[in-house]
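Novice: Questions regarding the structure given below will be posed in turn.
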Amino acid sequence: MAGALQLLSGRWGGAGQGLHWEAKAQPPATADRWVLVHDGVYRPRQSHDSNDYSELGELPPRSPLEPVCEDGPFGPVPEEKKRTSRELRELWQKAILQQILLLRMEKENQKLQASENDLLNKRLKLDYEEITPCLKEVTTVWEKMLSTPGRSKIKFDMEKMHSAVGQGVPRHLRGEIWKFLAEQYRLQHQFPSKQQPKDTPYKELLKRLTSQQHAILIDLGRTFPTHPYFSAQLGAGQLSLYNILKAYSLLDQEVGYCQGLSFVAGILLLHMGEEEAFNMLKFLMFEMGLRKQYRPDMIILQIQMYQLSRLLHDYHRDLYNHLEEHEIGPSLYAAPWFLTVFASQFPLGFVARVFDMIFLQGSEVIFKVALSLLGSHKPLILQHENLETIVDFIKNTLPNLGLVQMEKTISQVFEMDIAKQLQAYEVEYHVLQEELIDSSPLSDNQRMDKLEKTNSSLRKQNLDLLEQLQVANGRIQSLEATVEKLLTSESKLKQASLAWELERSALLQTVQELQRQTTAAPGGPEPDLTGPGPTGD
């Protein structure tokens, strides 16, 4: 022990720190009785120094005044309470309900976001200037017709619909009104065309590939490039337009895709959803007859140009002569009007009104609008004296109409009736084509080719006439059925009228008999026959 003490020197470390020993060398074998405080400094081990903290490095000395805590430095550690099965079940139920609530909130947020996107898209779609402001009274008329229960099976009065379309179509209801007019057209023409396509679902068509993809993609950027809904490259508008054109090219293999169709589909897409626009495109093409002008041979388009030229000759002879003098045919300026239904060059508000009338009256509206436009600008066209300036005026200046001129054009279209003239001019065109074939010095092969083309054209024309005949027969049958119903109703009314006459005669006889009995009775009070009689059947 003395040897060990020779190696150690003791000192007090200050108040409350106890006795410290400075080791000059390693402690002796009894070092387990000493506690290392820091490098070279030891103190005697006490009862509470049961654990060896030497590996923790330098530790502060314990104060003799510090209370000894057996459970921890901050007091006794509370034991965790064990939950019962009922409490655990309630916690699980609460967690599940909260998770369900979070999922519902997430779905509602998605619906809200989708609704906001729909509203934004609708606002973008209808971003054009209306040319015929629709009054509240007219809007109310349209809303009443659209909200009629079972409207798809009810025939509305055509005069009422003509009057409503003439007074204006509200922009926010235009798509729904077009669908309503299509329903009415089908009710009036109950025998559909034989050329109706297969009823392939739209979503099924979207899953297929089309050979027209390249042509469609090229025209996407050219279709309404300044309109905000279509301007974004491969944005929502262009993608929806691509889907519609792709689906139609797969549905109608003969036509496939033709330049101009993108504008027709685009106008429809601005006013309704994607699948609805596709269905309305089918309606316009197959039931309204627009499909004929997009066939690969373009014969119908040539006939249309001839018909427009003849209409100009009949209605505006001086303008016709002026254009003929400079060798300007309708194909130089009017072909885009027919193929795009005026949508590629004219303001959207004007084009929307043209579509209003097409859904009401059919494809002959395009002729009416073209004739009205040329006639109303006749003085300005006559001022130009060469081919370039005339064509430039018709293509670039004429479409920039003022609102007044647009409304005037629409009003004129409602008053025109050219259906018989169009039919006559179509027959005239075919007769002239036959005469040209007969009089031209062609080789046998050339004549055979032309005859085959003419024969093919006549077959198609024959099919079209057969369709018209079927529609006419259907209307005749419908009218005959209506007349038969009216005759039956008239017969019933006559029988009812005869029965009422007999009953009236019987009642008059009864009254006369009562009057005689009253007169014959002495001193009896006269009955008041003018007052109300007894009630009953």
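Novice: When you check Glu526 against the structure, is it in a helix (DSSP H, G or I) and either modelled with pLDDT under 80 or of a type outside the set (S, T, N, Q) (or both), yes or no?
Specialist: Working: in a helix (DSSP H, G or I): no; either modelled with pLDDT under 80 or of a type outside the set (S, T, N, Q) (or both): yes.
The answer is no for Glu526.
Novice: Which condition breaks for Ile218 when tested against (1) part of a helix (DSSP H, G or I); (2) surrounded by 12 or more Cβ atoms within 10 Å (Cβ to Cβ)?
Specialist: So Ile218 meets the others, but not (2).
Novice: On to the next question. If you go through the range 311-330 one residue at a time, how many are part of a helix (DSSP H, G or I) and over 38 Å from the mean Cα position of the chain (by Cα)? Let's see the steps before the verdict.
Specialist: Here is the first cut: in the range 311-330, the ones part of a helix (DSSP H, G or I) are 311-315, 317-325, 330.
Next, from what is left, pick out any that are over 38 Å from the mean Cα position of the chain (by Cα): 313-315, 317-325.
The total comes to 12.
Novice: Separate question: Quick one: which of Leu486, Leu466 is part of a helix (DSSP H, G or I) and at pLDDT 80 or above?
Specialist: On the way: Leu466 fails: at pLDDT 80 or above.
Within the list Leu486, Leu466, the selection yields Leu486.
Novice: Only one of Arg186, Arg208 is part of a loop (DSSP other than H, G, I, E, B), basic (Lys, Arg) and either in contact with a Lys or Arg (Cβ under 7 Å, 6 or more places away or on another chain) or touching a residue at least 40 places away in the same chain (Cβ under 8 Å) (or both); which?
Specialist: Values: Arg186 fails: part of a loop (DSSP other than H, G, I, E, B).
Matching residue, one of Arg186, Arg208: Arg208.
Novice: Within the group Leu205, Leu181, Leu245, which residue is within 19 Å of Lys125 (Cβ to Cβ) and surrounded by 12 or more Cβ atoms within 10 Å (Cβ to Cβ)? Lay out the reasoning, then the answer.
Specialist: Details: Leu205 fails: within 19 Å of Lys125 (Cβ to Cβ); Leu181 fails: within 19 Å of Lys125 (Cβ to Cβ).
Being within 19 Å of Lys125 (Cβ to Cβ) and surrounded by 12 or more Cβ atoms within 10 Å (Cβ to Cβ) holds for just one of Leu205, Leu181, Leu245, which is Leu245.
Novice: Here's another thing I want to ask about it. Taking the criterion of being part of a helix (DSSP H, G or I) and of a type in the set (Asp, Glu), would at least one residue in the range 281-288 satisfy it? Give the steps one after another, and end with the answer.
Specialist: Looking only at the range 281-288, we keep the residues that are part of a helix (DSSP H, G or I), and these are 281-287.
After this cut, where a residue has to be of a type in the set (Asp, Glu) as well, the list is 287.
Yes; the residues of the range 281-288 include at least one that is part of a helix (DSSP H, G or I) and of a type in the set (Asp, Glu).
Novice: Please go through (1) more than 30 Å from Val404 (Cβ to Cβ); (2) over 20 Å from the mean Cα position of the chain (by Cα) for Val165 and return the number of the only condition it doesn't satisfy.
Specialist: Against the list (1) more than 30 Å from Val404 (Cβ to Cβ); (2) over 20 Å from the mean Cα position of the chain (by Cα), Val165 comes up short only on (1).
Novice: Another question, then. Among the candidates Ile476, Ile418, which residue alone is β-branched (Val, Ile, Thr) and under 27 Å from His322 (Cβ atoms)? Can you show your working first?
Specialist: On the way: Ile476 fails: under 27 Å from His322 (Cβ atoms).
After applying the criteria, what remains is Ile418.
Novice: Another question, then. Take the residues of the range 79-109 that are open to solvent by 100 Å² or more (accessible area, probe 1.4 Å) and modelled with pLDDT under 75: which is farthest from Glu274 (Cα to Cα)?
Specialist: Top of the filtered list is Glu79.
The values are calculated or read from the model by the stated rules, or taken from the named source; none is laboratory data. Bear in mind that the values here come from a model prediction, so they are computed numbers and not experimental data. Glycine also receives a Cβ, built like all others from the backbone with ideal geometry; neighbour counts cover every protein chain displayed. Side chains included, ligands, DNA and RNA excluded: accessible areas come from the protein's heavy atoms. Shrake-Rupley method; radii C 1.70, N 1.55, O 1.52, S 1.80 Å.
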